[in-house]
Amino acid sequence: MSEFSLADLERIIAERARSGDPDSWTAKLFARGIDKAAQKLGEEAVEAVISAIRADKDGLVKESADLLYHLLVVLAISGVSLASVIAELEHRTGRSGIAEKASRPKG
């Protein structure tokens with residue numbers, strides 16, 4: 001199994017964002033800004049849901065990869081590190097999802 005990780009992808013995204021390469025999808029997304037990147041994230045999420053509902057495992061794998069990539073792009077544009085998301089997940093692991101959700105501020 002590959003040793004490739006989301007941290008590796010986060011690093012690659014940062015490098016490509018700085019590259020300014022006109023042939024880089026990542027550089028283009030950064031140049032277009034958060035609105036376009038967030039739109040793409042939403043599109044990929046919907047496509048992943050459709051693949052899951054259709055029980056299309058191959059499609060779900062591919063759409064999940066697109067979803068994770070676009071999520072990391074949105075996080076990077078927003079100045080949020082993957083480490084901070086992982087820390088939040090780690091924090092939540094110690095209690096039930098129902099209790100965690102109930103503890104969130106109502107808004």
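Please give the charge dipole size of the chain, origin at the Cα centre, charges +1 on K and R Cβ atoms and -1 on D and E Cβ atoms. Round to the nearest 20 debye.
Approximately 480 debye in magnitude.
Using only the Cα atoms, what convex hull volume per residue in Å³ does the chain have?
161
Using +1 at the C-beta of Lys and Arg and -1 at the C-beta of Asp and Glu, which of A76, T93, S103 has the Cα lying farthest in the positive direction of the dipole of the chain?
It is S103.
Taking θ as phi - 60°, what are the ³J(HN,Hα) couplings along segment 49-59 by the Karplus curve (6.51, -1.76, 1.60), each to the nearest whole Hz, with x for Gly and Pro?
4, 4, 4, 5, 4, 7, 6, 8, 4, 4, x
V46 to I86: extension gain in nm, 0.36 nm per residue of separation minus the Cα-Cα distance?
Here the answer is 12.1 nm.
What is the fewest-to-most order of H70, H91 by other Cβ atoms lying within 10 Å of their Cβ?
Ascending number of Cβ neighbours within 10 Å: H91, H70.
Neighbouring Cβ atoms within 10 Å as the yardstick, rank F30, F4 fewest first.
The most exposed by this proxy come first: F4, F30.
Values quoted throughout were computed directly from the atomic coordinates according to the rules given, and no laboratory measurement underlies them. Here the structure is a predicted model, which means the values were calculated and not measured. Note that we place each Cβ from the backbone using ideal geometry, even for glycine, and neighbour counts take in every protein chain shown.
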